[in-house]
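Asks: Provided herewith is a single structure, encoded as structure tokens, for subsequent inquiry.
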Amino acid sequence: MSEIRKRNKEVAIEKPSVIDNKIENKTTIFFSRIVVISSLLIVVYFSSKDEKVITFASQTETLIGKGLVVECSQDYINEINKYDECYPKECKRFVTDQVVSAREVDNLLKIAKKGFQFGGSDGGASILDLHSGALSKGQHFINIYKIEATKYLFSENDYNILRVIKEKIKYAVAQHFGADPNKLYLTSPTFFSELTSRKPSNIHDEYWHPHVDKETYRSFHYTSLLYLGDYGVDFKGGRFVFIDEKFNRTIEPKKGRVSMFTSGRENFHYVEKVTSGVRYALTVAFTCDKQFEIN
């Protein structure tokens with residue numbers, strides 16, 4: 001009996017390392033297979049979806065307003081239930097070409113380009129956040145306000161233009177979603193984006209991955225985008241794509257066009273790769289939680 005116990009102890013000492021190695025190897029193989037299979041499924045899924053695409057908003061049309069109601073995701077409902085006066089009448093996406101004037105867009109584009117000249121990602125995606133000062137530069141982000149040459153780059157008029165446009169968009173969001181504008185707060189990040197066909201140099205350049213805004217940015221409840229150029233004229237590719245169950249719906253950027261939507265999983269989306277030219281836009285996000293407000 002004592003010999004059996006001794007042998008069992010010896011086996012018990014020897015087994016873990018052998019078993020652990022086997023488990024580790026099997027786990028590595030297992031997850032490698034999952035990654036490969038998942039990648040293939042994603043490719044097949046989006047390839048098949050690409051064959052079923054509806055143009056929700058064309059660049060060639062001028063829209064007073066066009067909306068589509070979608071079923072709110074449960075996670076979104078559970079959270080936004082806490083904010084009665086900010087709660088949407090319905091989850092949806094809405095597009096309009098009537099909120100911002102062509103002159104205002106021209107001024108915004110000048111502001112964006114003034115900032116981007118001091119930065120620029122090594123890849124195809126750059127951002128400029130005038131609230132935090134974050135600017136893409138090479139492989140990293142820098143603070144544009146810490147560059148000596150930018151000390152007087154932006155005028156008070158530039159900031160006033162931004163402020164007015166953000167207010168216009170906020171009231172448009174409040175109107176179309178039935179929220180109290182006094183309970184909607186500008187939140188971070190709110191930023192200019194510059195997308196090109198340059199190959200990505202890091203993960204921040206890969207803007208085309210499908211995602212949910214609320215999962216990427218905790219504070220978001222409503223997302224809006226103001227386009228500063230025309231699809232098919234200033235750039236090719238770069239359409240905004242909502243991923244729905246039966247087919248995808250696209251928004252073609254148009255100068256001055258504002259797209260707005262609830263930020264939950266009901267509006268799963270991505271941006272197509274830009275194949276030529278430069279795509280400029282301004283992302284303006286709103287929260288119902290005052291602790292995440294930015295000025």
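Asks: Looking at the range 150-176 only, could you name the residues that are touching a helix residue (DSSP H, G or I) at 6+ places or on another chain (Cβ under 9 Å) and among the hydrophobic types (A, V, I, L, M, F, W, C)?
Replies: Hits for the range 150-176 are L153, F154, I161, L162, V164, I165, V173, A174.
For every residue, the table says whether it meets (1) modelled with pLDDT under 95; (2) under 22 Å from S136 (Cα atoms).
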site	(1), (2)
F154	no, yes
H176	no, no
F191	no, yes
D205	yes, yes
S224	no, yes
D230	no, no
D244	no, no
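Asks: Go through (1) among the charged types (D, E, K, R); (2) within 23 Å of P88 (Cβ to Cβ); (3) surrounded by fewer than 17 Cβ atoms within 10 Å (Cβ to Cβ) and name the single condition K214 misses.
Replies: (3)
Asks: Kindly evaluate L195 against the criterion of being closer than 17 Å to L128 by Cα, over 16 Å from the mean Cα position of the chain (by Cα) and not small (G, A, S).
Replies: For L195, the condition - closer than 17 Å to L128 by Cα, over 16 Å from the mean Cα position of the chain (by Cα) and not small (G, A, S) - is not met.
Asks: Looking only at the range 128-157, which residues are part of a loop (DSSP other than H, G, I, E, B) and of a type in the set (V, I, T)?
Replies: I147
Asks: Kindly evaluate I111 against the criterion of being over 20 Å from the mean Cα position of the chain (by Cα), in a strand (DSSP E or B), aliphatic (A, V, I, L, M) and modelled with pLDDT of 95 or more.
Replies: In short, no.
Asks: For the range 208-221, state whether one or more residues are assigned by TED's automatic domain parsing to the domain that holds V100, under 22 Å from L109 (Cβ atoms) and of a type outside the set (A, V, I, L, M).
Replies: Scanning the range 208-221, I find no residue that is assigned by TED's automatic domain parsing to the domain that holds V100, under 22 Å from L109 (Cβ atoms) and of a type outside the set (A, V, I, L, M), so the answer is no.
Asks: Also, quick follow-up: Restricted to the range 150-168, and to residues that are under 27 Å from the mean Cα position of the chain (by Cα) and surrounded by 15 or more Cβ atoms within 10 Å (Cβ to Cβ), which residue is farthest from D97 (Cα to Cα)?
Replies: Restricting to residues being under 27 Å from the mean Cα position of the chain (by Cα) and surrounded by 15 or more Cβ atoms within 10 Å (Cβ to Cβ), the top hit is F154.
Asks: Also, quick follow-up: Just checking, does the range 92-101 include any residue being in a helix (DSSP H, G or I) and surrounded by fewer than 19 Cβ atoms within 10 Å (Cβ to Cβ)?
Replies: For the range 92-101, residues in a helix (DSSP H, G or I) and surrounded by fewer than 19 Cβ atoms within 10 Å (Cβ to Cβ): absent.
Quick grid of which residues meet (1) among the aromatic types (F, W, Y); (2) in a loop (DSSP other than H, G, I, E, B); (3) modelled with pLDDT under 60:
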residue	(1), (2), (3)
N25	no, no, yes
S32	no, no, yes
V43	no, no, yes
K49	no, no, yes
T60	no, yes, no
L63	no, yes, no
N78	no, no, no
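Asks: Of everything in the range 101-112, what is in contact (Cβ under 8 Å) with a residue 24 or more places away in the chain and out of contact with any Lys or Arg (no Cβ under 7 Å at 6 or more places or on another chain)? Give them in sequence order.
Replies: Result: S101, E104, N107, L108, L109, I111, A112.
Asks: Which of the numbered conditions does L128 fail, given that it passes all the others? Conditions: (1) crowded, with 16+ Cβ neighbours inside 10 Å; (2) over 20 Å from the mean Cα position of the chain (by Cα); (3) within 18 Å of A285 (Cβ to Cβ).
Replies: L128 satisfies every listed condition except (2).
Asks: Out of all the residues in the range 193-208, which are free of Cβ contacts under 8 Å to residues at least 24 places away in the same chain and in contact with a Leu (Cβ under 7 Å, 6 or more places away or on another chain)?
Replies: Scanning the range 193-208 gives no hits.
Asks: Same structure again: Which members of the range 62-91 meet the condition of being touching a helix residue (DSSP H, G or I) at 6+ places or on another chain (Cβ under 6 Å) and surrounded by 14 or more Cβ atoms within 10 Å (Cβ to Cβ)?
Replies: Correct list: V70, C72, S73, C86, Y87, P88, C91.
The values are calculated or read from the model by the stated rules, or taken from the named source; none is laboratory data. Note that the coordinates shown come from a computational prediction; the quantities given were computed from them, not determined experimentally. Here the Cβ is made from the backbone with ideal geometry for all residues, glycine too, and neighbour counts use every protein chain on show.
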